[in-house]
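What follows is a set of notes on a single structure, which appears directly below.
The values are calculated or read from the model by the stated rules, or taken from the named source; none is laboratory data. What you see is a predicted model, and the numbers here were worked out from it, not measured in a lab. Neighbour counts run over all protein chains shown; Cβ positions are idealised from the backbone, glycine included.
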Amino acid sequence: MATHSTFSSLYGMSRRHFLKHLSAGAAWAGPAAHFLSALQSEAAELQKNQKSVILLWMGGGPSTIDIWDLKPGSITGGPFSPINTTGDMQICEHLPRMAKQMHQMSIIRSMSTREADHSRGRYYMHTGFVPNPSVEHPSYGAVIAQQLEATRSDLEIPPFVSIGGNSTGPGFLGLAYAPFVVDSNGRIRNLERETSSERWQARINFLNKLESRFIGQQRGMAAGEHKKIIEKTNRLLTSPQMEAFQISKESASVRANYGNTNFGRGCLMARRLVEVGVPFVEVDLGGWDTHSDNFNQLQTKLPEMDRAMAALTTDLADRGMLDHVAVLWMGEFGRTPRINGNTGRDHWARSWSAMVGGAGFKRGIAVGKTNADGTEVETTPYSSEDLMATVLQSIGISLDTRFTSANGRPMKIAGGGSPIKELLT
């Protein structure tokens, strides 16, 4: 029979729940196989009810007019052709694998946002707030990790993981909800060698003694909070759940489906992480700042994105996970309909596209519309706040939630955005 630690790692089952079943099983005269089957079924049900989000972050501002909302025949349209999909929309010809999965996803073609600067746009799209020098707002990952943490009693690894690049931070929610950053091979820079040695444990023991003495002198909360983080880190680095970062545990055929690229490995790792209960995983695919040679660059980047995204969507669906895992694709803005003199497109926040799928979303539809040359939104425009509110509602987080910032200001979750009703079931 599988051990309790195996089930708790895989399904987030509480010890109390396990012991309850063990007691019942001991008193039951039926075959042990039936007991194991019942245990596995309930564990799977617990896993099914655990919501998570995977953010596919396209750093640099992808040219969505060439990806999700093509304008064939327009002077702004570019050379790519649209193709039919399994959903009620067309997408770029360089995304043939995703075209077969679009019945699982939906496109928002009427994003109209406020920031066309990389740094400000990144912050705004990650938090639902424009940058403010007096307040550091929490990002998607921090908010979702904080809101869903109570539903993950046996999760020993961080609730917010960023793969392939750093994410926006936890803001006033604190370091407990900061992104845990790894590369696409699951490595934490400059840490693996240290944590496997006796020297690491000796340092932890010494630090614990110092901080316990400091806490005993009742000098405030800082030392106590820091000690908790250190203890959590030590548990993390010795936890069996760390195997979720090891994509080498997957078969060669599964790894090949995702593609032997940083983004492909990152998407596979994201699936493994949400499978053990991590509430929020961000996977970074940068390099979309195509001010020059836009179309040649896209012909290289889009196949990489296509393979990994299609494999992730298929994998989640085949494993019965897509109903509780939301997938969000976005960058900080789109790119200009106008093609510049370097055959590139520049920053553009007025009319662009994002994509969602899974969890509580309607699938296979395109919401919103831009005009014939892509320069304006013709339907209701949607903001970062609206998109964030929609994602949170899709996984059951109440939009009535309020936070208090470090300086005492009340803050509405998702910047007070309104959910996109056409997208929600």
Kindly evaluate D346 against the criterion of being in contact with a Pro (Cβ under 8 Å, 6 or more places away or on another chain) and farther than 25 Å from E282 by Cβ.
no
May I ask you to verify whether G277 is crowded, with 24+ Cβ neighbours inside 10 Å, under 23 Å from P240 (Cβ atoms) and touching a Lys or Arg at 6+ places or on another chain (Cβ under 6 Å)?
yes
Pairs, first under 10 Å from S52 (Cα atoms) and in contact (Cβ under 8 Å) with a residue 12 or more places away in the chain in segment 264-290, second of a type in the set (S, T, N, Q) and in a loop (DSSP other than H, G, I, E, B), C-beta under 6 Å, six or more apart:
G277/Q50
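Table: residues versus (1) assigned to a strand (DSSP E or B); (2) within 25 Å of the chain's Cα centre (by Cα); (3) in the same structural domain as N84 (by TED's automatic domain parsing).
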| position | (1), (2), (3) |
| --- | --- |
| I339 | no, no, yes |
| R345 | no, no, yes |
| R350 | no, yes, yes |
| S353 | yes, yes, yes |
| G357 | yes, yes, yes |
Considering only segment 391-412, how many residues are part of a helix (DSSP H, G or I) and either on the phi > 0 side of the Ramachandran plot or in contact with a Gly (Cβ under 8 Å, 6 or more places away or on another chain) (or both)?
2
In segment 280-301, residues that are of a type in the set (A, V, I, L, M, F, W, C) and surrounded by fewer than 20 Cβ atoms within 10 Å (Cβ to Cβ) total 1
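The rows are residues; the columns are (1) hydrophobic (A, V, I, L, M, F, W, C); (2) touching a residue at least 60 places away in the same chain (Cβ under 8 Å).
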{"residue": "P138", "(1), (2)": "no, yes"}
{"residue": "G141", "(1), (2)": "no, yes"}
{"residue": "A145", "(1), (2)": "yes, yes"}
{"residue": "S153", "(1), (2)": "no, yes"}
{"residue": "G164", "(1), (2)": "no, yes"}
{"residue": "T168", "(1), (2)": "no, no"}
{"residue": "F172", "(1), (2)": "yes, yes"}
Qualifying residue in segment 364-386 (condition: among the hydroxyl-bearing types (S, T, Y) and assigned to a helix (DSSP H, G or I)):
yes
Modelled with pLDDT under 95, over 19 Å from S384 (Cβ atoms) and either in contact with a helix residue (DSSP H, G or I) (Cβ under 7 Å, 6 or more places away or on another chain) or crowded, with 23+ Cβ neighbours inside 10 Å (or both): does that describe E149?
no
Residues of segment 311-343 being over 28 Å from A252 (Cβ atoms), of a type outside the set (S, T, Y) and out of contact with any strand residue (DSSP E or B) (no Cβ under 8 Å at 6 or more places or on another chain), in sequence order, are E332, R338, I339, N340, G341, N342
